[in-house]
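**Q** This structure is in structure tokens; I'll ask about it shortly.
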Amino acid sequence: MKVLVCGAGIAGLTLAWWLRRVGAEVVLLEKAPEPRSGGYMIDFFGAGYDVAERMGILPGLHAAAARITELVYADERGRRLAGLRYADARALLRGRVLSIMRGDLEAILRSSLGPGAEIRYGTSLTAIREVPGGIEADLTDGTTCRADLLVGADGLHSEVRRLVFGPERRYLRSLGYHTASYLFEDAGLAAETGSRAVLVGLPGRQAGLYPVRDGRLAAFLVHAAPQAPPPADARGEIMSRYRGMGALVDRVLAHCPKDPYHDDVAQIRMPGWTRGRVTLLGDAAHAVSLMAGQGSSMAMGGARTLAVELLGAGVEAALEHYERRMRPFVLAKQESGRAAARWMVPDRAWRITLRNRLLGLAGLPGGGAVLGRAFRGLSSGL
Ligand SMILES: Cc1cc2nc3c(=O)[nH]c(=O)nc-3n(C[C@H](O)[C@H](O)[C@H](O)COP(=O)(O)OP(=O)(O)OC[C@H]3O[C@@H](n4cnc5c(N)ncnc54)[C@H](O)[C@@H]3O)c2cc1C
């Protein structure tokens, strides 16, 4: 069987790994000119962690993981308001959690593929046709590729979805926030914050930083932006929204590049992910948003589920089983993402205070139950 996968991100690379194990020929298209690095910090647990264990890549992931000891909420003056010790979260998850930069997770997935996997960088597709028993795609490098199955693993703004299922506006549901992230070096700030992730929250906006394993820092910004797509001038929006949040945030803003990662915080909601011999995977099919905090896990869980189903059944039946198995998990995560948004970036000062108090309780004896509710449904079940 030959499978064409559009998108060499977390979903596409994981799918390629599993498909190669079941003997399929895989061609990955990646529009980025070279492997992507950096990105943003990902808390990695649940289905993705389970899949990574089966792939034998957990030691590499732990070696590359950030050594964060505490998540601290601070006020504009940098004074600690509340904190969550990672040891408490780890204990609750029986140690099966790590924090890793998206670029590092992708690099480990990529190297686990081995030399035989073909990734065509700087390449996408422009047209998709159904042909008997498969699909044919015109690629941006001027060639045509025929395959038994095309998988769109090309993220939130999927081109495969647009070409086969119609315009993005039919499926993308903005949660009313924009987010931005970038990596930077600041030895002084890194020394001051140490192994802590520090977040400053004011009503409708949250800005902060995470320590990365190599000594750099990852800025993480989210603000309420109801019914407005992100403007082209990312840096301009960041400066206007996050200035005035205190000295720590100003130091983070001073490192903002011209072109940081910057996007809508959105979910993809579709009635079905498959049309003929084309199916969608990961964020392209069902982005849950950063508010749900398990998008990478859903992408990896979905990739393994799809590959296993393809091993056991004909393509059409496998696609139906894949979707039937994944959909309940996706719907639950999307619902929890919508519910979490108002606590992650509260719109009112009293909500920020309440959130911080609840976090404080989590560190007390028996407080694990508070965290437990927050993490409910995290086990993979896939
Ligand atoms: C700020 C932020 C924080 C997050 N935090 C977490 C977290 O803590 N935990 C968690 O589990 N998840 C988190 N997520 C979500 C997680 O990053 C995504 O769910 C995950 O990356 C989805 O993987 P994917 O492979 O489906 O899509 P993507 O990671 O978007 O990968 C898509 C790939 O397709 C490529 N591509 C795009 N278009 C084309 C095209 N036309 N042709 C060819 N290639 C194309 C892209 O370059 C990319 O390589 C976070 C997301 C954000 C934005």
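The values are calculated or read from the model by the stated rules, or taken from the named source; none is laboratory data. Just so we're clear, the structure is a prediction, and the values are computed from it rather than from any experiment. Virtual Cβ from ideal backbone geometry, glycine too; neighbours counted across all protein chains shown.
**Q** Mind listing just one residue for me: the one in the stretch 78-97 that is in contact (Cβ under 8 Å) with a residue 60 or more places away in the chain, more than 13 Å from the ligand (Cβ to nearest atom) and assigned to a helix (DSSP H, G or I) and, of those, nearest to Gly360 (Cα to Cα)?
**A** Looking at residues that are in contact (Cβ under 8 Å) with a residue 60 or more places away in the chain, more than 13 Å from the ligand (Cβ to nearest atom) and assigned to a helix (DSSP H, G or I), I get Asp88.
**Q** Does the stretch 13-32 contain at least one residue that is within 12 Å of the ligand (Cβ to nearest atom) and either in a loop (DSSP other than H, G, I, E, B) or at pLDDT below 95 (or both)? Quick ask: steps written out before the conclusion?
**A** Pass one, the stretch 13-32, residues within 12 Å of the ligand (Cβ to nearest atom): 13-16, 27-32.
Next, from what is left, pick out any that are either in a loop (DSSP other than H, G, I, E, B) or at pLDDT below 95 (or both): 31-32.
For the stretch 13-32, residues within 12 Å of the ligand (Cβ to nearest atom) and either in a loop (DSSP other than H, G, I, E, B) or at pLDDT below 95 (or both): present.
**Q** Return yes or no: is Thr193 surrounded by 18 or more Cβ atoms within 10 Å (Cβ to Cβ), out of contact with any helix residue (DSSP H, G or I) (no Cβ under 6 Å at 6 or more places or on another chain) and under 19 Å from Val72 (Cα atoms)?
**A** So Thr193 passes the test.
**Q** Just checking, does the stretch 222-230 include any residue being closer than 22 Å to Gly38 by Cβ, outside any loop (DSSP other than H, G, I, E, B) and free of Cβ contacts under 8 Å to residues at least 60 places away in the same chain? Spell out the reasoning first.
**A** As a first pass, look at the stretch 222-230 and keep what is closer than 22 Å to Gly38 by Cβ: 222-223, 230.
Going one step further and asking which of them are outside any loop (DSSP other than H, G, I, E, B), we end up with 222-223.
Next cut, free of Cβ contacts under 8 Å to residues at least 60 places away in the same chain only: none.
The answer is no; no qualifying residue exists.
**Q** Just give me the residues in the stretch 338-349 being assigned to a helix (DSSP H, G or I) and among the aliphatic types (A, V, I, L, M), in sequence order. Steps first, please.
**A** Restricting attention to the stretch 338-349, the residues satisfying the condition of being assigned to a helix (DSSP H, G or I) are 338-344, 349.
Those that are assigned to a helix (DSSP H, G or I) and among the aliphatic types (A, V, I, L, M): Ala339, Ala340, Ala341, Met344, Ala349.
**Q** Tally time: how many residues in the stretch 235-288 are of a type in the set (Gly, Ala, Ser), more than 16 Å from the ligand (Cβ to nearest atom) and under 23 Å from the mean Cα position of the chain (by Cα)?
**A** Within the stretch 235-288, residues that are of a type in the set (Gly, Ala, Ser), more than 16 Å from the ligand (Cβ to nearest atom) and under 23 Å from the mean Cα position of the chain (by Cα) number 1.
**Q** Let me ask you something else. Do you know which of the residues in the stretch 98-118 that are near the ligand (Cβ under 10 Å from one of its atoms) and in a strand (DSSP E or B) is farthest from Ile10 (Cα to Cα)?
**A** So the residue we want is Ser99.
**Q** Search the stretch 291-337 for residues being under 11 Å from the mean Cα position of the chain (by Cα) and either part of a helix (DSSP H, G or I) or at pLDDT 95 or above (or both), and hand back the single one that is surrounded by the fewest Cβ atoms within 10 Å (Cβ to Cβ). Steps first, answer last, please.
**A** Initial filter on the stretch 291-337 (under 11 Å from the mean Cα position of the chain (by Cα)): 291-300.
Now drop any that are not either part of a helix (DSSP H, G or I) or at pLDDT 95 or above (or both), which leaves 295-300.
Working: Gly295: 26, Ser296: 28, Ser297: 28, Met298: 29, Ala299: 30, Met300: 34.
Going through the qualifying residues, I end up with Gly295.
**Q** Ok, one more. List every residue pair whose Cβ atoms lie under 6 Å apart, where the two residues are 6 or more positions apart in sequence or sit on different chains, the first residue falls within the stretch 171-198 and is aromatic (Phe, Trp, Tyr), and the second residue, located anywhere, is away from the ligand (no atom under 12 Å from the Cβ) and in a strand (DSSP E or B).
**A** Tyr177/Ala224; Phe184/Leu217
**Q** Please determine, by comparing only the residues of the stretch 154-171 that are of a type outside the set (Gly, Ala, Ser) and buried (at least 19 other Cβ atoms within 10 Å of the Cβ), which one is nearest to the chain's Cα centre (by Cα).
**A** Checking each candidate, the answer is Leu156.
**Q** Now for a different question. Counting only residues that are under 18 Å from Ala287 (Cβ atoms) and either in contact with a His (Cβ under 7 Å, 6 or more places away or on another chain) or not small (Gly, Ala, Ser) (or both), how many does the stretch 1-40 have?
**A** Within the stretch 1-40, the subset under 18 Å from Ala287 (Cβ atoms) is 5-15, 31, 36, 39-40.
Filter once more, so that each one left must be either in contact with a His (Cβ under 7 Å, 6 or more places away or on another chain) or not small (Gly, Ala, Ser) (or both): 5-6, 10, 13-15, 31, 36, 40.
Counting residues in the stretch 1-40 that are under 18 Å from Ala287 (Cβ atoms) and either in contact with a His (Cβ under 7 Å, 6 or more places away or on another chain) or not small (Gly, Ala, Ser) (or both) gives 9.
**Q** Which members of the stretch 158-191 meet the condition of being out of contact with any Lys or Arg (no Cβ under 7 Å at 6 or more places or on another chain), among the aromatic types (Phe, Trp, Tyr) and away from the ligand (no atom under 14 Å from the Cβ)?
**A** none
**Q** Can you tell me how many residues within the stretch 119-140 are within 14 Å of the ligand (Cβ to nearest atom) and either touching a strand residue (DSSP E or B) at 6+ places or on another chain (Cβ under 7 Å) or part of a strand (DSSP E or B) (or both)? Let's see the steps before the verdict.
**A** We begin by selecting, within the stretch 119-140, every residue within 14 Å of the ligand (Cβ to nearest atom); these are 119-128, 137-140.
Within this subset, residues satisfying the condition of being either touching a strand residue (DSSP E or B) at 6+ places or on another chain (Cβ under 7 Å) or part of a strand (DSSP E or B) (or both) are 119-121, 123-128, 137-140.
Residues meeting the conditions: 13.
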